[in-house]
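Here's the structure we're looking at; comments come further down.
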Amino acid sequence: MAFLLSWRYVYFLTIGLRFLVALSDSYIHPDEHFQSLEVVSAWLGYNVNAPWEFTSPSPARSYAPLVLFFWPIMKTADYFGFQPLQIWYICRLVLMVLSWMVTDWCLHKMLPTKQERIKAIYFTSTSYVTLVYQSHCFSNSVETVLVVAAVYIINELRFISGQDASQQRTGDLVKLAGTLGFLVAFGTFNRITFPCFFVLPGYYLAGAFWKWKTLPLVAAATFAVTSATCIILDTAIFQGLSFSELLQHPWSHGSWVITPLNSLLYNTNTLNLAKHGIHPWYTHILANLPQLFGPGLLLLFFRFRNRYWKTTPFLSAASGILFLSLVPHQELRFLTPIVPLLCCCFDLSLGYDGDAKEASKLSSIIMGLWFAFNILMGVLMGIFHQGGVVPALDYLQTSHLQGVTQVWWRTYSPPTWMLADKQHQYQFISLHGEYHGFELDDTKTNYVIDAMGSDIRVVDALIKNLDTKVLLVTPIASFSTHFDVTHFNKTWSTPFHLDLDHLDWSDPRTLQPGLAVYELI
């Protein structure tokens, strides 16, 4: 198969695509903004709309990953006077490069032969999940990097435990165990789901720990130190204390904030999960896996055979799928860490051990489908999906408008930190559920109303009753099907936006891409 279509050329092409997609404007899920940069930007003086995970009496998200990954980047960029859009691009580029370097290095070091390394890196690099999701500021993107690194360490310990004693270096073992303890602790504070990926490969880890009795002590020590550091950091920030105050009087300031515990308690309550969506237990397997891999699933389970099923990457991926399927809230992005792991396990022989010609023919067909699938999904999710929201915010921020109410309808929630409101002139209002009552703060000069997917009658009444200048930000398709164009003046638009939540296949007008800002006349 021309050695995977000249893998070197394809790999170098994907490097350019990584940068291209990282600098595109797609918006996959509100969490990529509101659980990362929206929170950190408050420390830069921006007026922000912080999510419940950081404002609840029992915070469910840790500041530690944000402090490590995003705070230094944003602080430095802000110091040099970069605008929010530029800061956002820089954060995405840094995360993309970090993910690229760590993932490729771990896969290269973990796999035994050159062909296996090339295959794993090739399919990982050409996956739209790698190109798109790993440049978005998700906790899931960070989790992917940490999972791959931890799997590499477990695989190393598994390999070393099978070597002769003369080849085993105590110093290397201690470093691996110490790093693993840090990764498990930090990964758990990043996302409570992190340990799910290591239940099955934990069998080999337990074997290594049993063989070298000092390793679990080293891992436990770094785990404890990392966890304690995260707890102290979170407690200081959430309770508004300095580190010196906290450490001098550790028991006089109320409870310590342990965000993974709060997250676990929240997510084990089905009433809480119902607010975010309840899914059948098979959603990950029957819906999310096909969306992640498309025809690549044939390379995993063709003829229900896979010769990699005993490998550490396969066991880690299977562990993640199995235990995450026990949670009734299942989103596709929860499985992004398994993509590089299962790309290691693509079986190009397709189980045809004695018929290389038949395997090569089928592999060529599947490869063509793989490229078509990832190009389609890459363009859809990497460029068009809610791709107008951030450029619209940049337009509104650079326009320096005063006395204006922005009404956002049928878009993902706008990450309001990108309005660069350091004077705190904006009031942010979200219309939730059945209740749409609110009061405008007279001390503010500008307002942002996130109408989400509210009924058109609610939105129509809202914009007509506002006394300020009104700017309606909505998909062009939604505007053309619900509003009278003679009452509005289009002030800005982009064709690179697609709203997948309100498509009506019986009405071709709803298929029109684009987002626009309309001024009520």
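The values are calculated or read from the model by the stated rules, or taken from the named source; none is laboratory data. Worth saying up front: this structure is predicted, and the values here are computed from it rather than measured. In this analysis, Cβ positions are derived from the backbone assuming ideal geometry, glycine residues included, and neighbour counts consider all displayed protein chains.
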Any hit, segment 444-465, residues being over 19 Å from V517 (Cα atoms), surrounded by 14 or more Cβ atoms within 10 Å (Cβ to Cβ) and under 30 Å from the mean Cα position of the chain (by Cα): no
Odd one out for F323 among (1) surrounded by 20 or more Cβ atoms within 10 Å (Cβ to Cβ); (2) among the aromatic types (F, W, Y); (3) touching a Ser or Thr at 6+ places or on another chain (Cβ under 9 Å): (1)
Flag if P112 is surrounded by fewer than 18 Cβ atoms within 10 Å (Cβ to Cβ) and either assigned by TED's automatic domain parsing to the domain that holds A420 or not in a helix (DSSP H, G or I) (or both): yes
Evaluation of Y152 against (1) surrounded by fewer than 17 Cβ atoms within 10 Å (Cβ to Cβ); (2) within 19 Å of L342 (Cβ to Cβ) (one fails), failing number: (1)
Any chance T214 is within 26 Å of the chain's Cα centre (by Cα) and loosely packed, with under 13 Cβ neighbours inside 10 Å: no
Among the candidates V10, V102, V48, V94, residue that is over 16 Å from V145 (Cα atoms) and assigned to a helix (DSSP H, G or I): V10
Flag for F209 being in contact with a Pro (Cβ under 7 Å, 6 or more places away or on another chain) and not aliphatic (A, V, I, L, M): yes
Of all residues making up segment 251-279, the number that are more than 23 Å from L68 (Cβ to Cβ) and either outside the structural domain of P30 (by TED's automatic domain parsing) or without any contact (Cβ under 8 Å) to a residue 12 or more places away in the chain (or both): 9
Filter result (out of contact with any Asp or Glu (no Cβ under 8 Å at 6 or more places or on another chain) and assigned to a loop (DSSP other than H, G, I, E, B)) within segment 327-341: V327, P328, H329, Q330, E331
Complete set of residues in segment 239-268 that are touching a helix residue (DSSP H, G or I) at 6+ places or on another chain (Cβ under 6 Å), of a type outside the set (S, T, Y) and outside any loop (DSSP other than H, G, I, E, B): F243, L246, P260
Residue that is nearest to Q406 (Cα to Cα) [pool: residues in segment 502-521 that are at pLDDT below 90 and out of contact with any helix residue (DSSP H, G or I) (no Cβ under 9 Å at 6 or more places or on another chain)]: P508
Flag for T144 being at pLDDT 95 or above, over 25 Å from N288 (Cα atoms) and in a helix (DSSP H, G or I): no
Options L335, L380, L369, L322: the member that is of a type outside the set (S, T, N, Q), within 30 Å of K275 (Cα to Cα), assigned by TED's automatic domain parsing to the domain that holds G202 and touching a Gly at 6+ places or on another chain (Cβ under 8 Å): L335
Hits in segment 8-34 (condition: more than 11 Å from the chain's Cα centre (by Cα) and of a type in the set (D, E, K, R)): R8, R18, D25
